[in-house]
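The values are calculated or read from the model by the stated rules, or taken from the named source; none is laboratory data. Predicted, not measured: the structure shown is a model, and the values here were computed from it. FYI the Cβ positions are ideal-geometry reconstructions off the backbone, even for glycines, and counts take in every protein chain you see. Protein only, heavy atoms only, side chains kept; ligands, DNA and RNA dropped before computing areas. Shrake-Rupley method; radii C 1.70, N 1.55, O 1.52, S 1.80 Å.
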Amino acid sequence: MTAILRLEGVSKSFGALKVIDDLSFSLRRGEALGVIGPNGAGKSTMFNLITGGLTPGAGRILFDERDITRLTPPARCRLGIGRSYQIPQPFGGMTVFENVLVGATFGSGKPERQCHESCIAVLETTGLLGKANRLAGTLTLLERKRLELARALSIGPKVLLLDEIAGGLTEGECQALVETIRTIHGNGVSLIWIEHVVHALLAAVSRLVVINFGALLAEGEPQAVMNDPRVQSVYMGIDEDAA
Ligand SMILES: Nc1ncnc2c1ncn2[C@@H]1O[C@H](COP(=O)(O)OP(=O)(O)O)[C@@H](O)[C@H]1O
Ligand SMILES: [Mg+2]
């Protein structure tokens with residue numbers, strides 16, 4: 001299977017602190033890839049490097065075999081890289097529909113009129129159609145998480161990057177969100193999901209990457225990775241479900 005996204009020897013430092021350290025891995029076309037690692041391991045920074053908010057000090061990032069390392073964030077978005085934020089970032093004073101419309105228009109470059117239908121489809125997929133006219137600032141945590149997902153989907157992504165979208169939800173809410181993510185993946189979107197709620201992650205991904213101190217600690221079939229003694233020693237006491 002070919003890679004739709006590839007990191008090659010990527011490093012990033014903030015001053016003297018090396019946060020990403022010679023990191024290489026691939027996302028295969030059509031794959032759902034899980035990423036785990038302790039707090040501060042550099043996972044969100046890795047997403048910021050992929051989406052262009054940050055530029056690596058070394059290494060390359062390839063999307064569809066094209067080097068995107070120096071492209072602007074909007075250019076990467078229009079190529080089809082969508083993301084959600086660990087802390088939801090909605091436009092609180094706009095409605096749910098308007099939030100999604102912003103992503104659909106600016107993310108695709110199409111005129112607003114042509115985007116209404118796709119916005120409705122996105123709201124339907126993410127379970128927010130009934131909340132379309134609510135102000136985003138009044139949503140519950142689960143609804144805000146769903147809106148993060150909807151905004152990321154609104155650009156029509158080929159690759160979806162999800163940053164700890166299940167954190168803070170009840171078990172039932174978490175399961176419902178996993179179902180939504182599985183549906184999105186089933187519709188052909190390749191995705192990378194960073195998640196501490198490991199049992200949720202394992203219900204949706206077929207391969208795992210473990211990042212520790214900004215470097216690749218392990219990768220492979222999820223159960224084998226979770227049973228790896230190096231991974232267990234890093235994870236002991238962090239996630240009860242995984243232990
Ligand atoms: N813009 C920044 N400036 C300085 N340090 C940063 C910046 N962003 C992240 N860091 C540091 O980089 C490390 C990794 O952060 P992060 O990527 O958020 O980790 P994770 O998502 O794995 O918890 C942390 O020590 C964090 O404080
Ligand atoms: Mg993070």
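Distance distribution note for the chain: the fraction of Cα pairs above 21 angstrom is 56%.
Report summary: the helix-based calculation at 222 nm, which adds -39500 (n - 2.57) for every DSSP H run with n ≥ 4 and divides by the residues of the chain, gives -10500 deg cm²/dmol. Averaged per residue, region 87-156 has 49 square angstrom of accessible surface, using a 1.4 angstrom probe with ligands and nucleic acids left out. Just the number, please: percent antiparallel of the DSSP beta bridges in the chain, rounded to the nearest 5. Antiparallel bridges: around 55 percent, rounded to the nearest 5. Estimate the FRET efficiency between A75 and S24 by the formula 1/(1 + (r/R0)^6), using the beta-carbon distance for r and 22 Å for R0, to the nearest 0.05. Computed FRET efficiency for A75 and S24 comes out at 0.45.
For region 221-233, backbone phi angles converted through the Karplus equation (6.51, -1.76, 1.60; θ = phi - 60°) give residue-by-residue couplings of 4, x, 5, 4, 5, 5, 8, 5, x, 5, 6, 4, 5 Hz, Gly and Pro being listed as x.
Computed on the chain, with alpha-carbon pairs under 8 angstrom and 6+ residues apart, the relative contact order is 26 percent. Estimated from the Cβ-Cβ distance and a Förster radius of 41 angstrom, the FRET efficiency linking E171 and L62 is about 0.60.
Distance distribution note for region 87-156: the fraction of Cα pairs above 14 angstrom is 48%.
Under the criterion of Cα pairs below 8 Å and six or more residues apart, the relative contact order for region 87-156 equals 50 percent. Counting only the Cα atoms, region 24-72 fills a convex hull of 92 Å³ per residue. Working note: Karplus 6.51/-1.76/1.60 with θ = phi - 60° gives region 201-214 the couplings 4, 5, 6, 10, 10, 10, 8, 10, 10, 10, 10, 9, 6, x Hz, where Gly and Pro are set to x. Charged side chains reduced to their Cβ positions (Lys and Arg at +1, Asp and Glu at -1) give region 87-156 a dipole of some 120 debye around its Cα centre.
Overall, the accessible surface of region 87-156 at a probe of 1.4 angstrom is composed of carbon and sulfur to the extent of 56 percent. What is the angle, in °, between the Cα long axis of helix 96-108 and the longest principal axis of the Cα atoms in the chain? Nearest 10 is fine, range 0 to 90. Long axis of 96-108 versus the principal axis of the chain: about 70 degrees. Taking a point 7 Å from the Cα of H116 along the Cα-to-Cβ direction, the residues of region 124-147 with backbone N closer than 18 Å to it are 124, 129-134.
For the chain, the Cβ-based charge dipole about the Cα centre amounts to some 840 debye (Lys, Arg positive; Asp, Glu negative; other atoms uncharged). Which one, Y85, I184, F63, projects farthest toward the positive side of the charge dipole computed for the chain from Cβ point charges (K/R +1, D/E -1)? Checked the options; the winner is F63.
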